[in-house]
1. If you check A:ASN68 against the conditions, is it under 19 Å from the mean Cα position of the chain (by Cα) and modelled with pLDDT under 85?
2. Taking into account only those residues within the stretch A:1-59 that are touching a residue at least 40 places away in the same chain (Cβ under 8 Å) and among the acidic types (Asp, Glu), which is farthest from B:LYS16 (Cα to Cα)?
3. Given the residues A:LEU159, A:LEU123, A:LEU110, which is the only one that is modelled with pLDDT under 90 and either over 20 Å from A:SER57 (Cα atoms) or β-branched (Val, Ile, Thr) (or both)?
4. Of all residues in the stretch A:112-127 being more than 13 Å from A:THR86 (Cα to Cα) and outside any helix (DSSP H, G or I), which is farthest from the other protein chains (Cβ to nearest Cβ)?
5. Which of (1) more than 17 Å from B:ASP3 (Cα to Cα); (2) in contact with a helix residue (DSSP H, G or I) (Cβ under 6 Å, 6 or more places away or on another chain); (3) not acidic (Asp, Glu) is the odd one out, the single condition A:SER143 does not satisfy?
6. Could you check the stretch A:128-151 and list, in sequence order, the residues that are over 19 Å from the mean Cα position of the chain (by Cα) and within 9 Å of chain B (Cβ to nearest Cβ)?
7. Tell me the residue from A:ASP49, A:ASP5, A:ASP31 that is surrounded by fewer than 18 Cβ atoms within 10 Å (Cβ to Cβ) and within 24 Å of A:THR86 (Cα to Cα), please.
8. Checking the condition at pLDDT 95 or above and more than 12 Å from chain B (Cβ to nearest Cβ), which residue from A:SER38, A:SER50 passes?
Amino acid sequence: MVFTDQQKEEIYQNYYRKVYGYIVSKINDADTAEDLTSTVFVKVYEKIDSFDETKASLSTWIYTIARNTLTDYYRSRRVFEEIPETFPENSSVEEEVCNKEMLEQLAEALQTLEERERDIIILRFYSGKSLKEIAEKMGISYSYVKILQNKAFDKLKKLLENE
Amino acid sequence: MEDKLKLLFDYQRFEKNQSLENLIQETENYYDRELSDEEMKFVAAAGELNANGRLRDKIINVKNKK
């Protein structure tokens, strides 16, 4: 797919805030986030002609480049900081999973869970809390958190895989 | 399922879905806030409630009765 200069400019205008917002939410350092966002757009422009809209949406494709750029950043700083547990470092399923419809399905599926089950999933997979931290926040035992988490997994598996 | 959830919640940080964002905010706001003195007393007085019911609902009930 060939993009004109104007289309490339539109991609920058439409996605800069998304890319920067994503990166700064992960590393919490505005200057580094700006540098990495620039790196992402350099890669986007280098590879844009190989983008295949039959394989992924533009949003998913740019997200994947942003995530890979963050992976490289984490690896380069491995000595100084750990890769967050919630970071999907090696995923090969993003093209089928990462789209707006799947986020809507996840929201709908989470709403069918009991509140505590939903809270555990969000605190663990979005907020990055450990099961031990979640147990302390909820005032229940670690074992009980695991039981609730597994119940939530079973329900989500049925709901998300039946879609 | 864990990899799928990691990826979906990560993608949410990039491509925000408002319904999902509302659920996330509700959970994060609830668990990140400081409990008031009254709520702390309530928690201390009802040690078993977390095992069987939602502290969130019970605190809201107490506030509504005030």
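1. The answer is no for A:ASN68.
2. The extreme case among them is A:ASP49.
3. After applying the criteria, what remains is A:LEU159.
4. Per the criteria, the residue is A:THR112.
5. (2)
6. Of everything in the stretch A:128-151, those that are over 19 Å from the mean Cα position of the chain (by Cα) and within 9 Å of chain B (Cβ to nearest Cβ) turn out to be A:ILE134, A:LYS137, A:MET138, A:GLY139, A:ILE140, A:SER141, A:TYR144.
7. A:ASP31
8. Of A:SER38, A:SER50, the one residue that is at pLDDT 95 or above and more than 12 Å from chain B (Cβ to nearest Cβ) is A:SER38.
The values are calculated or read from the model by the stated rules, or taken from the named source; none is laboratory data. Values in this document were obtained by computation on a predicted structure and should not be read as measured data. When we count neighbours, we look across all protein chains shown, and the Cβ atoms used for this are built from the backbone with ideal geometry, even at glycine.
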